[in-house]
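Following: one structure in structure tokens, then a few remarks.
The values are calculated or read from the model by the stated rules, or taken from the named source; none is laboratory data. Quantities reported herein were computed from a predicted structural model and do not represent experimental measurements. All Cβ positions, glycine included, derive from the backbone under ideal geometry; neighbour counts span all protein chains shown.
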Amino acid sequence: MSRATDTVLKGLEEIRPWVEDLYKDLHTHPEPGLREHRTAAKAAEATGLPYASTATAQNADGTSVPVMHACGHDVHVASMLGFARLMARSPDAWHGTVVVLFQPAMAVVRLQTVVSCELGAATPAVLTVGSITAGTGPHIIPDRAVLQLNVRTYDDDTRAEVRAAVERIVRAEAAASGATRDPEFETLAAFPPTVNDEAPTGTVAAAFTEHFGERAHTIERQTAGEDMSRIPEAFGVPFTYWGIGGTDPAAYEKAAAAGRLTSDIPVNHSPHFAPVLQPTLDTGVRALTAAALAWLAVPEG
């Protein structure tokens, strides 16, 4: 651990209760995207935590739905504020400028053949029909249907190919069914691929290895949606994106030994998703501190 990192993190034990209380408050009070007066996935929380969310919000159609933090953004916010507080308390350990930025709004059967039949075998992509809405009752024939899809790819060309295939298939199915109107398509949100720049990633990876030792490792490619890269893109600067674990180590090892990781360990957007309080929050604060001081630490000696 560098001297600057050690200096800044000396205050972690003192502020830990504050970070934990902040996290619990954020988790209990989630908010839908772009309405983060207090900050949410539309799911009924089933974690059983004493600080579980019981909040609700309204869909665009006015329907009341339960909301929860099911993607870890409450962990990110609490960790970032803990990091900022420690850095502000140790101005002699670093130089430069730290900008603490929080993101608002994070996150038919034939369509399922797009990935399996139309893309190359080595081209990864995910296409999910997440919602189908049609009609108001069993005895009423609806005159319209709304399908909401989620498409995830590793590059823009594949995304364009998937979208073109979706539009072609939907138009063909509508025509084959004798639809009297052409289908309409609307993009509700789109995020670019997140591809780390080599230089800052190498610097942060080295800082993590020095600070965390064997706990630091490379994350394999993910199909998660993320709009963070739009920020450095707008400023024309390089970036690196990392993640932290939040699963209870004992629960993970038990599930891994039984070959039940995918069924026993809740993932993002699951109503059972519940990062353990510690060491998750400490790890988040430590990671931010180690990464920032890789550039901003006052030279030793």
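What do you reckon, is Pro200 touching a helix residue (DSSP H, G or I) at 6+ places or on another chain (Cβ under 7 Å), at pLDDT 90 or above and surrounded by 14 or more Cβ atoms within 10 Å (Cβ to Cβ)? Explain how you work it out, then say what you get.
Numbers: touching a helix residue (DSSP H, G or I) at 6+ places or on another chain (Cβ under 7 Å): no; at pLDDT 90 or above: yes; surrounded by 14 or more Cβ atoms within 10 Å (Cβ to Cβ): yes.
No: the conditions fail for Pro200.
Which one of these is in a loop (DSSP other than H, G, I, E, B), over 30 Å from Thr5 (Cβ atoms) and of a type in the set (S, T, N, Q): Thr123, Thr218, Thr158? Explain how you work it out, then say what you get.
Values: Thr218 fails: over 30 Å from Thr5 (Cβ atoms); Thr158 fails: in a loop (DSSP other than H, G, I, E, B).
Unique residue meeting the criteria: Thr123.
Residues checked against (1) in a strand (DSSP E or B); (2) in contact with a strand residue (DSSP E or B) (Cβ under 7 Å, 6 or more places away or on another chain); (3) modelled with pLDDT of 75 or more:
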residue: Ala88; (1), (2), (3): no, no, yes
residue: Val100; (1), (2), (3): no, no, yes
residue: Thr113; (1), (2), (3): no, no, no
residue: Ser116; (1), (2), (3): no, no, no
residue: Leu127; (1), (2), (3): yes, yes, yes
residue: Ser131; (1), (2), (3): yes, yes, yes
**Item:** Among (1) charged (D, E, K, R); (2) closer than 27 Å to Arg230 by Cβ; (3) loosely packed, with under 12 Cβ neighbours inside 10 Å, the one test that Asp155 misses
**Value:** (3)
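Anything in the stretch 226-266 that is aliphatic (A, V, I, L, M), surrounded by 15 or more Cβ atoms within 10 Å (Cβ to Cβ) and in a loop (DSSP other than H, G, I, E, B)? List them, or say none. First the steps, then the outcome.
Taking the stretch 226-266 as the starting set, the residues that turn out to be aliphatic (A, V, I, L, M) are 228, 231, 234, 237, 244, 250-251, 255-258, 261, 265.
From the residues that got through so far, the ones that are surrounded by 15 or more Cβ atoms within 10 Å (Cβ to Cβ) too are 228, 244, 255, 265.
Across the stretch 226-266, the qualifying residues are Met228, Ile244, Ile265.
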**Asked** Restricting the search to the stretch 130-170, which residues are under 24 Å from Glu220 (Cβ atoms) and among the hydroxyl-bearing types (Ser, Thr, Tyr)?
**Response** Thr153, Tyr154, Thr158
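Only one of these is touching a Gly at 6+ places or on another chain (Cβ under 6 Å) and modelled with pLDDT of 95 or more: Thr289, Thr280. Name it. Spell out how you get there, then give the answer.
Values: Thr289 fails: touching a Gly at 6+ places or on another chain (Cβ under 6 Å).
Unique residue meeting the criteria: Thr280.
Regarding the stretch 278-296, can at least one residue be identified that is assigned to a loop (DSSP other than H, G, I, E, B) and over 20 Å from Phe83 (Cα atoms)? Spell out how you get there, then give the answer.
As a first pass, look at the stretch 278-296 and keep what is assigned to a loop (DSSP other than H, G, I, E, B): 278-279.
After this cut, where a residue has to be over 20 Å from Phe83 (Cα atoms) as well, the list is none.
For the stretch 278-296, residues assigned to a loop (DSSP other than H, G, I, E, B) and over 20 Å from Phe83 (Cα atoms): absent.
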**Item:** Filter result (farther than 24 Å from Pro17 by Cα, small (Gly, Ala, Ser) and loosely packed, with under 11 Cβ neighbours inside 10 Å) within the stretch 46-96
**Value:** Ala60, Gly62, Ser64, Gly96
